[in-house]
Structure formats: structure tokens, C-alpha cells
1. Which one of these is under 27 Å from His6 (Cβ atoms) and open to solvent by less than 30 Å² (accessible area, probe 1.4 Å): Ala34, Ala40?
2. Applying the selection to segment 164-176, what residues are open to solvent by less than 100 Å² (accessible area, probe 1.4 Å) and in contact (Cβ under 8 Å) with a residue 24 or more places away in the chain?
3. Output the residues belonging to segment 44-90 that are closer than 11 Å to Pro145 by Cβ and open to solvent by 70 Å² or more (accessible area, probe 1.4 Å).
4. Among the residues of segment 57-97, which ones are without any contact (Cβ under 8 Å) to a residue 12 or more places away in the chain, more than 21 Å from Lys143 (Cβ to Cβ) and not small (Gly, Ala, Ser)?
5. Name the helices (runs of 4 or more DSSP H) wholly within segment 139-208 that hold at least 1 residues that are within 24 Å of the chain's Cα centre (by Cα)?
6. Condition first: closer than 30 Å to Asn151 by Cα and surrounded by fewer than 16 Cβ atoms within 10 Å (Cβ to Cβ). Now tell me which residues in segment 91-110 satisfy that.
7. So which residues in segment 120-163 are over 26 Å from Gly83 (Cβ atoms) and open to solvent by less than 50 Å² (accessible area, probe 1.4 Å), if there are any at all?
8. Residues of segment 161-204 being modelled with pLDDT of 90 or more and either touching a His at 6+ places or on another chain (Cβ under 7 Å) or among the small types (Gly, Ala, Ser) (or both), which ones?
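The values are calculated or read from the model by the stated rules, or taken from the named source; none is laboratory data. Just so you know, these numbers come straight off a predicted model, no measurement behind them. Cβ: placed from backbone, ideal geometry, glycine included. Neighbour counts: every protein chain shown. For the accessible areas, the whole protein counts, side chains as well, though only heavy atoms, and no ligand, DNA or RNA atoms are used. Shrake-Rupley method; radii C 1.70, N 1.55, O 1.52, S 1.80 Å.
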Amino acid sequence: ILAAHHLKEGLLLALLKRDRIGEGSLVEVSLIQAAISSLANQATNWLVAKKLPTRQGSAHPNIAPYGESFLTKDGKRILLAVGSDRQFYDLLNVLNLDALSTIDKFKSNHARVTHRDELTTFLSREIHKFDSEELMAKINSHKIPAGIIQNMKEVFGMNEAKELLLKNGDLTGVKTFIPKMTGNWQPVTDLLPPPHFGEHTQEILSQL
């Protein structure tokens, strides 16, 4: 999927080049280089600071609390993506942890990353006192980036996800191309659904 997006960008640039100077291009994409280029944060940590990453799950290497998930009283997991000091202090207010804002090791993002484990302990204890919907309502009212982690059944029960489904009899797939064009563009509604085994064999062979 990442390589396909890189290829798309290359093709768009090639079209611009052709329109501007009338020359065509050969566009090639490497799977391994597409994967490596997605390592932006961890790559910078190594190339600039010579810091090798260690296992830390989904936690962001340079921001805290960002990427960690926390269990609520009703058994849901909430993932935080707190990207600024303002958002962090608002979160402390929501959790009734304002006293932490006066502690030096939690005042700045750099300090929070250094003391991530201790911070996670405080947050875990307080978040577990809330039901997920109650907590998310408070978090959303303060515009703190966060979300409830859902399983696939829950994800595809969302209206936004239902718009991406492709059906073909008893088979269901998901679109990986989702733009909605305006102006004179025709809406993208004719994407093929996932095929049954051998469904297009005769069509392909007849074209060859």
C-alpha cells in the first residue's frame, strides 16, 4: 500500500512533466525503500541522535503521552495522541491530575518522554476510574486528540467504513482509493469488487 502511494505520486509528477515539457517518464518504486521512507521519526532519531529504538509498542518515540493506550472502567481502551503542552495540561484537568503540571519531570514534552513509564502509571490509574463514553466526551470538549480502540467488527459498523465496502456476492472487500472529486469529475463508483476465484479468466485470456 505504501509503495502504491509513492507510485501514484510519481505518476502524477510524470503527468505534470509531460504536460509542461512534452517528455514522458519511467516511474519505478521500490517496496523496501517505500517502507524505509515511512520510518520518519525513528530514522531521524538514529541518523541525527544515533539513538537506536527499542520496543515500545505503539508509543511515539518523541512525544508523550502519544500512542499509549489506557483501559477504562468499562473495559474499553482509549489511545491518546497528546501533541502539545496545552493538550497535556487540559488532559490533566480532565483527569483531576492538575498537581502533575507543577512537577518538573512532567512540565515539558522532553521531560515526559524521559519519564514516560512513571507518567503512564499516573494516567492509567486515573483513566481507569472513567467509563469510556464519559471520558471521551470530556476529552473531545477540550479538543484533545484521542480515540477508543475498536475491533474490526466495530470499525466496519461505522457509517464512514460502510461507504468503503465493495461487495460481490458473498465476498466483501474494502476500497483503498477513496477521493471524492468536485467540479466536472465523475464520482468514483465503478471500482471492481473483490473477484471470485477464476472469475475473470476468460476475459483476460480473450484479451491476450
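1. Working: Ala40 fails: open to solvent by less than 30 Å² (accessible area, probe 1.4 Å).
After ruling out the rest, the residue left standing is Ala34.
2. Leu166, Asn168, Gly169, Leu171
3. Tyr66
4. none
5. Working: elements: 152-155, 159-162, 201-207.
Of the helices (runs of 4 or more DSSP H) lying wholly inside segment 139-208, those with at least 1 residues that are within 24 Å of the chain's Cα centre (by Cα) span 152-155, 159-162.
6. Asn93, Asn96 - these are the residues of segment 91-110 that are closer than 30 Å to Asn151 by Cα and surrounded by fewer than 16 Cβ atoms within 10 Å (Cβ to Cβ).
7. If the condition is that a residue be over 26 Å from Gly83 (Cβ atoms) and open to solvent by less than 50 Å² (accessible area, probe 1.4 Å), then Gly157 is the only one that fits.
8. Ala161, Gly198
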